[in-house]
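Data block below; observations after.
Derivation of every value follows stated rules applied to the coordinates shown; laboratory data play no part. All values derive from a computational prediction rather than experimental measurement. Reconstructed Cβ throughout: ideal geometry from the backbone, glycine too, with neighbour counts over all protein chains shown.
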Amino acid sequence: MAKSTADSLGVENGELAEVSIDGRTMELPVYVMPGHAVGSVTLPLGYGRTEAGHVAGCWEDQVDPVGFDTYQLRSAAGFSAGSVLATVKGTGKAYPLATTQDHHLIDAVGMEGRDNRLGELVREGDLSEWKEHDDFAKHRVHSPPLGAMWDKHEYDGHKWGMSIDLSTCLGCSTCTVACQSENNIPVVGKEEVINGREMHWIRLDRYFQGDIDDPEDDIQAVHQPVACQHCEMAPCEQVCPVAATTHSSEGLNDMVYNRCIGTRYCANNCPYKVRRFNFFNFNKDLKEPRNETLKLVKNPDVTIRSRGVMEKCTFCVQRIQDARMTAKVEERPMVDGDVTPACAQACPTDAIQFGDLNDEKSRVRQAHDDPRSYSLLGELGNYPRTAFLARIRNPNPVLEPASKETKAVVTHG
Amino acid sequence: MAESTGVLEDPIRKPALVQGDNDFTSITNIVCKVAETPKPPKAWYVTFGISLGLLGGLGASIVYLISTGIGVWGNNQPVAWGWPIVNFVFWVGIGHAGTLISAVLFLFRQTWRTAINRFAEAMTIFAVICAGMFPAIHVGRIWVIYWVFPIPNQMDMWPNFRSPLLWDVFAVGTYFTVSLLFWYMGMVPDLATLRDRATTRIRRMMYGIFSLGWTGSNRHWHRYERAYLLLAALATPLVLSVHSVVSFDFAVSQLPGWHTTIFPPYFVAGAIFSGFAMVLSLAIPARELWGLKDLITTRHIELMCKVIMATSMMVGYAYSTEFFVAWYSGNQYEGFAFINRAFGPYWWAYTIMVSCNVLVPQIFWSKKMRTNMWVVFIVAALVNVGMWFERFVIVVSSLNRDFLPSSWNYFTPTAIDLLTLAGSFGLFLTLFLLFCRYLPQVAMSEIKGVMPQSHPGHGSSEPDPNPEPDPDSDTPPQQGALA
Amino acid sequence: MSVFEFPQWTDKIRPWLGVLAIGIPVYVTGLFLFGAAPSTINVGYAPNQPVPFSHALHAGELGMDCRYCHTTVESAAHAAVPPSSVCMNCHERIHTESPKLLPVRESWASGEPVEWMRVHDLPDFVYFNHAAHVTSGVSCVECHGRIDRMEKVRQEKPLSMGWCLDCHRDPDPNLRPRDKVTDLGWKPAGWTPEQDEKIRRETGARLREIHGIQPRTDCSTCHR
């Protein structure tokens, strides 16, 4: 429900509220979603697992059911609950909701800091601006000329890179799921997500623009997939005392799990906060006899990490190696399209492109050369390898007024 | 600077460094009595019992940590360094007073150091032991921590010499080694005194072995003074280097709130500040408990209070400079980091830090307060609290909100975090109480050097370049002894 | 009570104490380095196999090509261990009653594979690719030694990271024409025992130029 709706009902995010429709009542947790239609409540169907084994509900082993089955509120009378009047009443009981976004409600100081930088992180413009200056995104941030502390790397062979088009990205999180299954990324569970220890190598950053307390305001969501940027001058590489993360001759920021001793300094020094630490042995239950089949879920080409090591996006280096070997056995050079990381493969809108930046015809190189392309936090001098392509909004003026935030950013001069 | 506090006073009106009607023999008696009494005061047993309990808690928490994973602490993303690093920097800072007193004040001929140097050096060593433990246990895989040492191996791998963490390993390692040598070497003549007074066989053997055959001959004294001077010269740069290198762990990184050039001097000043506060926190109860008031006089306490006040203002200056630079840089991330520090979710930690470190020590402008032991003790304790929070503010409030707001997260410590911190105090106090019980707490031979009796003919308290041999350990060299 | 003095004999051990103070750490480090090194603990590993298969007989005396059994070595990361049916290609007719071959016949009949003991075992975080090496002209012998002379297979090389890197940094002495990869006793043209290293290096350098072989030393080459 919207923030203003929650306020008027007197309920808070993460509070159990009593929802009644036609005399049927359920206690459901409140999740405040800015931009939600004011005065209405959405109840997602299809959850509330009671007998899904060890992950959600198992009577023999005393595993509690998870989630809420909102079918119980529906009747034959209305297949669409949209028209049904519901009463919502706060109970005061807390129900911890685990989300990978908004780990805690941001206070006023934080909101101000967030709003100030948002236009620089996720760069957007509308159609007219793009027609006027197609490279507007590059001018959102101006910084002094960037230097480099060390000699820059040179690449004779391949130079792998990625591009993410924010115009075509839907924010559907398919990349996150694809990455998770390709790279044997552990599922850490609700408690550890609440503790801020999720392991996703690629995540969808989601921000809201507008005043969430104002029911009249037209709230916009912006989103941005962020994975390791494989920086040219990677801050993580310099600070590892044992050289467990190093730069490869093809521009990858290699992470060597078996060398990592887990000082976590790299994670501190990463401006994108894409590094993930194995706070526990999340693969411990693989050894249990009942999980024999679970072993088959794991990708044999990717090391299963134990506790105490850092991990992060590798640009699916196992796929790069595999493509290289195939090309070698077939005695041909690698061509554009030979390597597709899991996220790019799964992306329904082809927003993620991957390939060789040294190959002038490659799709990723063309994306990097696009006037809309910009580097996330490029002014820090890390020379990130991933180019973001600014989002161009072209709203139908009848349906949607252009966002206030966007306009404010346009007039930066 | 610290050394100026003594010089500023009118030398004519300086009170004597040793109070009361004491001569060489009575000094020896006062100090040795502590180690020789069959039963220490009850308070010793009580504190020792508590310390041992905490030490046990530390052991248990470490076993649990290593067998389960770093997740038993509150660390998360983005706060990948939590309390263990806070504790590490805190303890390293505490360890600074020792070298400062023993080396720098020695080279500057600050004779008042003699009453407290042994104390401070011992405290330094125990604090560095506590500090050194934290980086070791905070890594994810302690069983391969030897990879940080440059040992040739089958992998053909060297550590990364660009990493400040590696510099840290060497800096803290060197500091510990030199401090230990300094402490032990300075103690040799006093150990010989204890050996000569010992009444049981086991004490004679133990003190005998550790006093390395000291006879008090002129030749021994000559070499001892030489070596002491050399070690002092060697240790002096370490006072600046250790905490500078520790500050590089932060300053070299890119994080707003860490990435700043002011860190090395700011850390060193803070370290001396906290180190002196810890010396006071330990010296005040000890002089009460063991009757050392003639040796650790009110003047000593007062001088230390002045050092605390001076360094407190340096630290306060650093706090304001940080804010100014963050604003002046025009960098919005840098600016936000400091606004967030003072007004964000960790405003309470910042408030504790500023009040304990900058406001509270201002009470020492009043001589009355400087000479009231209760006030001094409480202020010293508060300074220690404040300095712990300074490190908490630096580590946690910088990490919890950096560049991308999507990654912002709050850090909450766990019970294990608390137990580990309390346990480190247990380890520190256990070692310290053992030191108080069995080793000479005050440098007898040095304090005799600053007494008027050691300079017949003039009443100055300047040390004699060749002090007379200690009469108590002045046994003639015998055949076969290490001459 | 008399003052404790070091007895006279301690004068004699004094220099030795200094030697020990330096010597013990050095000795312990050395012991650890060499004692735990793969060249110490892994080389020479030769477990008993369920069937006393002799590579010396099959690959050496009979001259069978390695690829007859290890079929995937040129195209896959893993060099396949042959199924029992490959053994039975011949042993259906030769030594059909041999008791040594009983496990093979049983396996063939039941379909359960023979449980061979793995000799050359890399850690799970190391991804070695046979095809990459064989197609570059790195012979089996470089890592496995003279298998064609072994009655029982033993580990000849340390297979340590440093040992791998030696070749990745300087591959020339270990390269040969691709069609000679399984010829374990191959010698380059004009080979003399005295100039073994020199001639192999020259041949390898030439081949490296021709095939554009650039062994990589990035971490992700083997670890991922």
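Here are the numbers:
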read-out	value
Nearest 10 degrees, 0 to 90: helix B:332-343 Cα axis against chain B principal axis	60
Share of pairwise Cα separations in chain B, more than 44 Å, in percent	16
Averaged over B:244-252, number of beta-carbon atoms from partner chains that fall within 10 Å	1
Unit charges at the beta carbon, dipole of the protein assembly as shown: most positive-side option, B:Val360, B:Thr297, C:Val138	B:Thr297
10 Å beta-carbon shell around A:Val19, net charge (K/R +1, D/E -1)	0
Equivalent ellipsoid semi-axes, the protein assembly as shown, via Cα gyration tensor eigenvalues times 5, rooted, Å	59, 46, 28
Dipole of the protein assembly as shown, positive end: most advanced residue of B:Pro135, C:His168, A:Thr314 [Cβ charges, Cα centre]	B:Pro135
Simple Cβ-charge dipole of the stretch A:3-94, Lys/Arg +1 and Asp/Glu -1, about Cα centre, in debye nearest 20	380
Burial order of peptide ranges B:183-196, C:133-146 (average beta-carbon count within 10 Å, highest first)	B:183-196, C:133-146
Chain C: angle of helix C:196-211 to the longest principal axis, Cα-based, in degrees nearest 10	60
Net dipole in debye of the protein assembly as shown [+1 Lys, Arg Cβ; -1 Asp, Glu Cβ; about Cα centre; nearest 20]	3000
Inter-chain shielding of B:334-344 (mean C-beta neighbours from other protein chains, 10 Å cut-off)	3
GluC sites (Glu not before Pro) restricted to DSSP loop in the stretch A:94-193 with at most 10 other C-beta within 10 Å	A:Glu154
Relative packing of C:99-110, B:341-352, B:245-256, which averages over residues the other C-beta atoms within 10 Å, highest first	B:245-256, B:341-352, C:99-110
Cysteines, chain A, no other Cys beta-carbon under 4.7 Å	A:Cys58, A:Cys169, A:Cys172, A:Cys179, A:Cys231, A:Cys240, A:Cys260, A:Cys270, A:Cys316, A:Cys347
Sequence-distant residues sharing a close amide H with A:Ala387 (under 5 Å, placed H)	A:Met162, A:Ser163, A:Ile164
Cβ neighbours within 10 Å from other chains - mean over B:140-152	5
Sites matching GluC sites (Glu not before Pro) across the stretch A:306-376 that sit in DSSP coil, with at most 14 neighbouring C-beta atoms within 10 Å	A:Glu330, A:Glu331, A:Glu360
A:Ile320, B:Ile151, C:Ile199 arranged by Cβ crowding within 10 Å, fewest neighbours leading	B:Ile151, C:Ile199, A:Ile320
Charge tally in the Cβ shell below 13 Å around C:Trp163, where Lys, Arg are +1 and Asp, Glu are -1, C:Trp163 excluded	-3
Fluctuation leader among C:Arg93, C:Arg67, C:Arg14 - chain C, Gaussian network, Cα springs under 10 angstrom	C:Arg14
Between helix B:83-94 and chain B: long-axis angle, C-alpha atoms, 0 to 90°, nearest 10	30
Candidates C:Ala189, C:Ala132, C:Ala76: whichever shows maximal mean-square fluctuation once chain C is modelled as a Gaussian network with Cα springs under 10 Å	C:Ala189
Residue-count net charge about B:Phe250 - beta-carbon cut-off 15 Å; Lys, Arg +1, Asp, Glu -1	-3
